[in-house]
Amino acid sequence: MSSFRKFLIRRLLTFIPTIFGVVFITYLIAYAIPADPVRAWAGGEKAKPEVIEKIKQYYYFDRPWYEQFYYFLVRLFEGNLISPRTGNNVFSDIASRFSVTLQLALFSIFFSVVIGVPLGLVAAYKRDTKIDTAVRIFALIGVSMPAFLLAYLLILVFFVQFRSITLAGVPTSKAVVTGIPLIDALITGDFESLAQIVGRYWLPGFVLGFTGAGIIARFVRNSTVEALGADFVEYLQAKGVPTGWVRRHVFKNSLVPIITIIGLEFGASLSGAPITETIFGLPGLGYYTVQSIYYLDFPAIIATTFVFAIIYVVTNFVVDVLYAFVDPRVRY
């Protein structure tokens with residue numbers, strides 16, 4: 001068996017304890033909350049005792065915590081967790097909201113890459129100059145700027161002052177192909193719907209991608225500076241290779257850490273940006289998670305955490321696989 005195939009098997013095997021550990025820790029935190037979720041699910045202070053008792057029996061709250069966790073796990077992996085808040089299967093609720101979060105993540109990573117990569121390259125080639133300093137200050141602001149502050153500032157400008165965006169509704173495409181309106185509009189050439197989708201998502205995507213742009217710019221700069229100091233650069237320059245070709249080789253050799261950070265940023269965006277989705281009224285996974293926490297909806301909290309964990313481990317797995325294609329020196 002090749003070393004690469006062994007690596008894939010090892011990574012796939014690590015998925016199980018990672019996901020289990022995340023779900024277990026989330027359950028313990030939810031269990032430790034000093035509140036009575038059963039009474040809240042049954043209707044609050046006016047809840048009828050018989051209703052409370054039925055809910056306890058259904059969710060096994062009349063059993064020890066480890067038995068409760070066991071039955072939660074069984075229903076989780078059977079795909080049969082029911083939200084006491086909505087009365088729906090939590091995976092159905094998650095599936096209906098996933099396209100919103102995916103579209104937001106696509107806009108977010110677009111802004112992160114389009115802004116962060118060029119700035120990082122410019123800073124690397126102009127290092128120790130005023131341009132480099134300006135890019136590093138931008139990266140620091142991007143990392144430090146609270147998402148809610150930037151969101152409200154941009155809403156004040158683009159919604160209140162210029163009325164150039166909308167904060168209501170979720171645009172869809174006229175034809176359904178993949179179930180993701182942005183992609184469906186592109187595939188079918190539905191430019192009217194595409195314009196509505198872009199108008200709804202570009203600002204929250206920019207807010208979510210602003211932090212990522214700062215992080216990516218910093219990583220691109222550092223990785224490119226390191227590649228510029230390698231021996232092969234001096235060798236290529238001594239041979240008289242054109243500057244454009246030298247920079248092409250430098251960029252390719254600095255791609256591994258860049259791909260890592262872009263993959264992690266995309267995974268973070270796909271995990272549902274609760275603050276951004278809540279502020280902009282986007283009914284995605286982040287907003288769903290916030291509402292679940294607010295209403296002590298333990299099944300929904302555990303299910304969304306489970307989905308987020310899968311997204312992260314799959315994203316990391318894909319990034320690791322891409323290493324071998326980007327840099328042949330990588331061996332597993």
The ³J(HN,Hα) series, computed from each phi in the range 259-275 with the Karplus coefficients 6.51, -1.76 and 1.60 at θ = phi - 60°, rounded to the nearest Hz and given as x for glycine or proline, is 4, 4, 5, 5, x, 5, 5, 5, x, 5, 5, 5, 6, x, 8, x, 5
Isotropically averaged projected area of the range 133-185, using the convex hull of Cα atoms (one quarter of hull area), nm²:
6.0 nm²
Count of lysine pairs, the chain, Cα-Cα under 21 Å, sep. 8 or more residues or interchain, comes to 5
FRET efficiency for Tyr294 and Leu12 from the Cβ-Cβ distance with R0 = 35 Å, rounded to 0.05, comes out at 0.45
Per GNM of the chain with C-alpha springs under 10 angstrom, the most fluctuating residue out of Ala238, Ala213, Ala300 is Ala238
Ratio of the Cα radius of gyration of the range 1-140 to 2.2 N^0.38 Å, where N counts its residues:
1.67
Mind putting together the pair-distance distribution for the chain? All Cα pairs, 10 Å bins, whole percent per bin, short to long.
5, 20, 25, 25, 16, 6, 2, 1, 0
Treating the angle as unsigned and between 0 and 90°, give the value, to the nearest 10°, between the Cα long axis of helix 191-228 and the longest Cα principal axis of the chain.
50 degrees
Can you give the charge dipole size of the chain about its Cα centre, rounded to the nearest 20 debye, using +1 on the beta carbon of Lys and Arg and -1 on the beta carbon of Asp and Glu?
720 debye
The range 56-165: chymotrypsin sites (Phe, Trp or Tyr not before Pro) in DSSP coil with no more than 14 other Cβ atoms inside 10 Å:
Phe162
Tilt of helix 298-326 relative to the longest C-alpha principal axis of the chain, in degrees (0 to 90, nearest 10)?
20 degrees
What ranking of Trp41, Trp202 emerges when the number of other C-beta atoms within 10 Å of each C-beta is taken as an exposure proxy, fewest first?
Trp202, Trp41
Taking only the C-alpha atoms, wrap a convex hull around the range 233-332 and report its volume per residue in Å³ as a whole number.
122 Å³
Exposed trypsin sites (Lys or Arg not before Pro) being those in a DSSP loop with at most 15 other Cβ atoms within 10 Å, the longest stretch of the chain free of them is 1-125
Please list, in order along the range 88-99, the HN-Hα scalar couplings obtained from phi with the Karplus expression 6.51 cos²θ - 1.76 cosθ + 1.60 (θ = phi - 60°), rounded to whole Hz, x for Gly and Pro.
9, 5, 4, 6, 5, 4, 5, 4, 6, 9, 5, 4
222 nm [θ] for the chain, helices only, -39500 (n - 2.57) per DSSP H run of 4+, per residue, to 500?
-25000 deg cm²/dmol
The range 153-230: equivalent-ellipsoid semi-axes (sqrt of 5 x gyration tensor eigenvalues, Cα, Å):
33, 21, 8
Highest-MSF residue in the chain out of Glu78, Glu226, Glu45 [GNM, Cα springs under 10 Å]
Glu45
In terms of the alpha carbon gyration tensor, root eigenvalues a ≥ b ≥ c, rounded if a/c is under 1.5 and otherwise prolate when a/b exceeds b/c or oblate, the range 37-92 is oblate
Just how far, in whole angstrom, is the range 191-270 from the range 24-51 if you go by their alpha carbon centroids?
46 Å
GNM of the chain, Cα pairs under 10 angstrom: of Thr129, Thr278, Thr101, the biggest fluctuation goes to Thr129
Jot down the radius of gyration and Dmax of the range 1-45, Cα atoms only, both in angstrom.
19.2, 62
With a bin width of 5 angstrom, please list the P(r) values of the range 173-312 as percents of all Cα-Cα pairs, from the 0 bin to the one holding the largest distance.
2, 9, 12, 13, 14, 13, 12, 9, 7, 5, 3, 1, 0, 0
Rounded to the nearest 0.05, what FRET efficiency do Thr166 and Ser96 give with R0 = 25 Å and r taken as the Cβ-Cβ distance? Could you check?
0.75
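A short reminder: the numbers here are calculations on the coordinates, not readings from a lab. The shown structure was predicted, so the numbers you read here are calculated from the model rather than taken from an experiment. Cβ atoms come from the backbone with ideal geometry, glycine included; neighbour counts cover every protein chain shown.
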